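The structure appears below as structure tokens.
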Amino acid sequence: MCRIRSSRIASSTEPTTSSRIARYRVIRPVSRVWSSKMNFVTLTSTERIASNGRVVAMFLSVAPAVLLSAGFCCTIARCLSATCMGIMLAVAVGVAVALGALGVLMASKKAPLWIALAAASVALLCALLIPSARWGFYACVNTVIARVNSICELYIPLVADAGLLCEAVSLAVLAGMFAGSLAWLFANLSVSWPTLLIIVICGSASMALQLGDSAISMTLGVAGWLVQCRAGELRGSTVGLPQVLFGLGGLCAACGVLFALIVALVQPLPEVSALSASAVRAVQGVRFGDDSLPEGDLSQAADMNEGESTTLSLAASKTLGDDLLMKGFVGTTFDGMSWGRGDWMSYEGKWSGMRDWLRQNGLTVAEQRAAFDTEAEREGGEPVEAVEISVNASGANRRYTYAPYTLRSLSGADAMLTGSTMLSMDLLPSKAYRVIVDNVPVDDVIADSSWLASSKSDYAKSERVYAAFVRDNYLDVREEERDAIDAYLFSSDSWDAGATVSDTAVISRVRTMLASLAGQTDNPPTYTGATSFVAWFLGTAHEGNSAYFATAATLAFRSQGIPARYVEGYQAADDQLAAAVGAGVALNLTAADAHAWTEIYLDGQGWTPVEVTPGYYSQTLDADKIIDVGEAWSNGANDKTLDAGSVAGQAEDKHREDVPVMYNIPVVAKVGVGLIGTAIAALLALFIRRFVLRARRTRAIESDEQDICVPALYGYLALVMNQSGLDAFDETKPLDCLDAFAAVFSQIDPWEYRRAIRLHQAYAFGGRQLKPNELRTLRRFTERLHRSMPAPQTVIERFRRYMLHAL
């Protein structure tokens with residue numbers, strides 16, 4: 001009977017003892033190779049061959065952390081002063097070295113992790129609670145906001161009084177502690193992909209926003225990641241310090257090559273820059289569309305009226321009393337070659353918080369003329385008729401929301417109404433929108449606003465503040481342009497610079513002199529640059545289109561103390577618009593209707609368009625508001641000046657005393673700090689949860705009581721099987737998935753899995769205690785099964801496995 005049973009066993013599918021031994025001779029070398037490969041990914045292997053010396057172990061722990069912390073410091077180098085940068089770097093490296101030493105010297109391997117987490121948390125908390133450190137943090141936030149504003153052409157308010165450069169030593173120390181702690185934590189993770197992910201995110205952000213030495217930071221970060229990967233392979237081996245140093249030398253050479261490549265990307269060749277600029281223009285063309293307007297670039301202005309396709313379609317509900325100017329691009333700064341939309345920093349410093357304050361007090365820059373009409377009506381003036389206009393910007397550049405000066409409301413589009421230019425705020429701006437405008441007669445474009453000088457209304461108060469801001473920012477003229485303007489337009493032979501004249505006198509003078517020195521043409525010579533544009537235009541070219549005339553006039557008005565800005569958009573003649581309204585159709589505008597003009601600021605009523613191109617003077621000035629041209633040539637002083645306070649620059653400047661003092665932190669900074677704190681807290685909570693789960697599982701698996709360790713081992717095995725995508729696995733029938741097991745875990749013989757399950761079944765159903773060697777077999781097999789898990793297919797699966805299940 002025994003012979004028969006033995007023969008059955010021998011003939012069964014189970015391998016014999018000799019075949020097992022032979023197979024193990026094959027499996028064990030493969031297992032060692034696989035284990036050495038897995039050390040590249042995980043530090044949790046229990047199959048240690050030998051322990052490194054303490055010096056080598058400390059070096060393997062410290063080297064990647066030091067490189068990562070130095071890379072992070074370089075990432076934000078331009079947010080800190082040189083002194084703070086040096087302190088932060090020294091503290092970060094010191095903390096990384098200290099944590100590495102603790103990790104080697106302390107008996108508990110978990111204690112350094114908790115110490116690092118505690119140090120990072122304390123540093124973050126102190127940075128928010130200590131006043132000097134908090135204001136230093138706000139300065140760093142301001143630097144980031146400033147770069148975003150400059151690159152993305154946005155306006156996000158800065159934190160008032162925080163500055164743009166952190167000089168707080170306390171923040172440098174705390175930031176160094178935070179950077180060193182996190183660098184050591186990431187360098188000692190059981191997987192290396194989070195480190196690479198953080199390096200890519202931080203390095204890309206620093207490169208895009210130009211916050212630091214991007215090439216150095218990226219090189220140090222990638223070098224730290226490579227050292228981390230190599231350290232994972234060398235931990236537990238018999239490698240000595242000379243071998244480590246030799247390998248580090250080769251790694252430094254590779255990092256040198258990497259540094260050169262990164263420098264080439266950060267500071268690309270002109271061809272690469274041109275290609276990148278072309279790609280940006282292509283993306284913007286898809287997003288906003290395009291038209292012939294030069295957007296302030298005078299080198300492109302000569303072709304602004306070329307094209308026959310429809311750009312804007314206007315459908316008005318009523319006839320308007322004047323030509324309709326659809327305002328788009330607004331230029332506030334001139335560099336000799338082109339107009340810029342303005343420096344967002346003009347809204348900071350003493351003007352910080354002004355735009356929000358103005359809006360809260362009833363003044364929105366884009367709707368200021370309508371607000372003035374409402375205020376005038378409240379003071380007993382005549383009501384102004386409202387007209388609704390439907391706009392379809394099918395062929396225009398939808399980066400700008402085109403609207404008239406007398407805008408009262410906008411619907412169907414989201415635009416920035418508080419800045420100089422009505423920029424679209426939509427990701428993909430809508431082509432169609434509606435505006436309601438005031439129908440201001442042509443004779444009332446320049447209105448009497450002297451009554452506002454004694455008004456105490458919210459509008460009057462906020463308008464005085466904005467008028468002071470305007471005079472503080474829109475009077476700049478380059479010296480080369482000022483000299484040319486004095487020579488060509490305000491020569492001392494025919495203009496008394498010391499006399500007091502009205503703004504309308506200056507307008508008349510500029511119109512007359514421009515018309516006498518240059519002619520209007522739709523095909524002007526191309527401006528390629530000169531010492532002075534005005535000198536080139538009036539002394540050499542002698543002809544130009546509306547962009548040339550508007551540029552010269554804007555600079556001339558500024559030189560005479562009149563706040564002025566350059567504007568581009570489209571002009572719809574009143575007779576054409578009236579004919580379209582009568583026929584009940586939309587008026588289509590083309591590139592032939594593209595136009596440029598000047599706007600000046602008049603106290604009380606705001607920005608007012610002024611035509612200076614010969615043949616486009618639809619705006620007339622009353623006889624008692626304009627100086628005779630002959631008188632201007634004689635002395636420029638014998639005109640009838642407007643009443644004080646009716647035009648810019650005539651009333652006493654008492655505006656700045658009304659400017660509100662803003663010390664409150666903008667919402668964006670509060671939200672940013674809150675989001676950063678929440679993200680860090682959530683990340684720390686997930687890591688803490690992971691450590692707790694792993695600690696509990698390890699304690700249960702290593703327990704001497706089999707009623708604790710064996711169920712824990714089976715739960716561990718079941719978790720690994722389920723998270724490996726083995727759908728055929730059933731905890732109640734674990735042997736039914738042998739074929740699927742062989743396909744998923746190709747490095748493990750299914751016989752080993754079967755043997756482990758048999759041991760679990762013997763304990764669970766047979767009621768016998770397992771022998772010590774059987775327990776060791778289960779522990780080693782389950783750990784090996786964990787290390788042999790197939791790689792996750794998605795980031796979500798990887799996150800779930802790493803964070804939620806602590807695998």
**Any chance ARG471 is assigned by TED's automatic domain parsing to the domain that holds ASN397, modelled with pLDDT of 90 or more, in a helix (DSSP H, G or I) and at negative phi** = yes
**Request:** Take SER390 and decide whether it is on the phi < 0 side of the Ramachandran plot, hydroxyl-bearing (Ser, Thr, Tyr) and in a loop (DSSP other than H, G, I, E, B).
**Result:** no
**Prompt:** Any chance segment 378-385 includes a residue that's acidic (Asp, Glu), in contact with a Pro (Cβ under 6 Å, 6 or more places away or on another chain), surrounded by fewer than 21 Cβ atoms within 10 Å (Cβ to Cβ) and modelled with pLDDT under 90?
**Reply:** no
**Request:** May I ask you to list pairs of residues, at least six apart or on different chains, whose Cβ atoms are under 8 Å apart, with the first in segment 327-349 being of a type in the set (Asp, Glu) and the second being at pLDDT 80 or above and part of a strand (DSSP E or B)?
**Result:** ASP343/THR333
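Condition (residue is among the β-branched types (Val, Ile, Thr), touching a helix residue (DSSP H, G or I) at 6+ places or on another chain (Cβ under 6 Å) and farther than 16 Å from ILE701 by Cβ) applied to segment 724-747: is it met by at least one residue? Lay out the reasoning, then the answer.
Keep residues of segment 724-747 that are among the β-branched types (Val, Ile, Thr), which gives 732, 744.
In the following step, the residues that additionally are touching a helix residue (DSSP H, G or I) at 6+ places or on another chain (Cβ under 6 Å) were identified as none.
No, the conditions are met nowhere in segment 724-747.
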**Message:** Return the residues of segment 564-597 that are crowded, with 24+ Cβ neighbours inside 10 Å and farther than 18 Å from ALA403 by Cβ; say none if nothing qualifies.
**Reply:** ALA564
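Have a look at ALA573, ALA580, ALA530, ALA541 and point out the one that is of a type in the set (A, V, I, L, M, F, W, C), closer than 17 Å to GLU479 by Cβ and at pLDDT below 95.
None of the other options fit; the residue is ALA530.
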**Item:** Breaking point among (1) surrounded by 24 or more Cβ atoms within 10 Å (Cβ to Cβ); (2) of a type in the set (Phe, Trp, Tyr); (3) farther than 23 Å from ALA467 by Cα, for TYR488
**Value:** (1)
**Prompt:** Mind checking whether some residue in segment 764-771 is part of a helix (DSSP H, G or I) and over 30 Å from LEU197 (Cβ atoms)?
**Reply:** yes
**Asked** Could you say which residue among SER703, SER746 is assigned to a loop (DSSP other than H, G, I, E, B) and either buried (at least 18 other Cβ atoms within 10 Å of the Cβ) or touching a Cys at 6+ places or on another chain (Cβ under 7 Å) (or both)?
**Response** SER703
**Item:** Test result for ALA98, within 17 Å of ILE216 (Cβ to Cβ) and either at pLDDT 85 or above or touching a strand residue (DSSP E or B) at 6+ places or on another chain (Cβ under 9 Å) (or both)
**Value:** no
**Prompt:** In segment 481-497, is there at least one residue being under 22 Å from VAL445 (Cα atoms), out of contact with any helix residue (DSSP H, G or I) (no Cβ under 6 Å at 6 or more places or on another chain) and in the same structural domain as ASP593 (by TED's automatic domain parsing)?
**Reply:** no
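Conditions (1) without any contact (Cβ under 8 Å) to a residue 60 or more places away in the chain; (2) surrounded by fewer than 19 Cβ atoms within 10 Å (Cβ to Cβ); (3) part of a helix (DSSP H, G or I); (4) not assigned by TED's automatic domain parsing to the domain that holds CYS79, marked per residue:
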residue	(1), (2), (3), (4)
LEU125	yes, yes, yes, no
VAL148	no, yes, yes, no
LEU158	no, no, no, no
ASP161	no, yes, no, no
**Complete:** Checked VAL445, VAL470, VAL465 against criteria (over 11 Å from ASP603 (Cβ atoms), out of contact with any helix residue (DSSP H, G or I) (no Cβ under 8 Å at 6 or more places or on another chain) and touching a residue at least 12 places away in the same chain (Cβ under 8 Å)); the one match is VAL445
**Request:** Output yes when any residue across segment 701-723 is touching a Ser or Thr at 6+ places or on another chain (Cβ under 7 Å) and not aliphatic (A, V, I, L, M), and no when none is.
**Result:** yes
**Message:** Just to be sure I understand, how many residues within segment 524-571 are of a type in the set (Phe, Trp, Tyr) and under 30 Å from ALA393 (Cα atoms)?
**Reply:** 5
**Prompt:** Restricted to segment 322-340, and to residues that are crowded, with 19+ Cβ neighbours inside 10 Å and either part of a loop (DSSP other than H, G, I, E, B) or aromatic (Phe, Trp, Tyr) (or both), which residue is modelled with the lowest pLDDT?
**Reply:** ASP322
**Asked** Hey, any hits in segment 188-195 for a residue that's over 18 Å from MET85 (Cβ atoms), crowded, with 24+ Cβ neighbours inside 10 Å, among the aromatic types (Phe, Trp, Tyr) and more than 24 Å from the chain's Cα centre (by Cα)?
**Response** no
**Prompt:** Identify, please: which residue in segment 341-375 is out of contact with any Ser or Thr (no Cβ under 8 Å at 6 or more places or on another chain) and hydrophobic (A, V, I, L, M, F, W, C) and is, among those, surrounded by the fewest Cβ atoms within 10 Å (Cβ to Cβ)?
**Reply:** MET345
**Asked** Can you spot a residue in segment 793-800 that is of a type outside the set (D, E, K, R) and either more than 30 Å from ALA685 (Cβ to Cβ) or surrounded by 18 or more Cβ atoms within 10 Å (Cβ to Cβ) (or both)?
**Response** no
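The values are calculated or read from the model by the stated rules, or taken from the named source; none is laboratory data. None of the values given here were measured: they were computed from a predicted structure. FYI the Cβ positions are ideal-geometry reconstructions off the backbone, even for glycines, and counts take in every protein chain you see.
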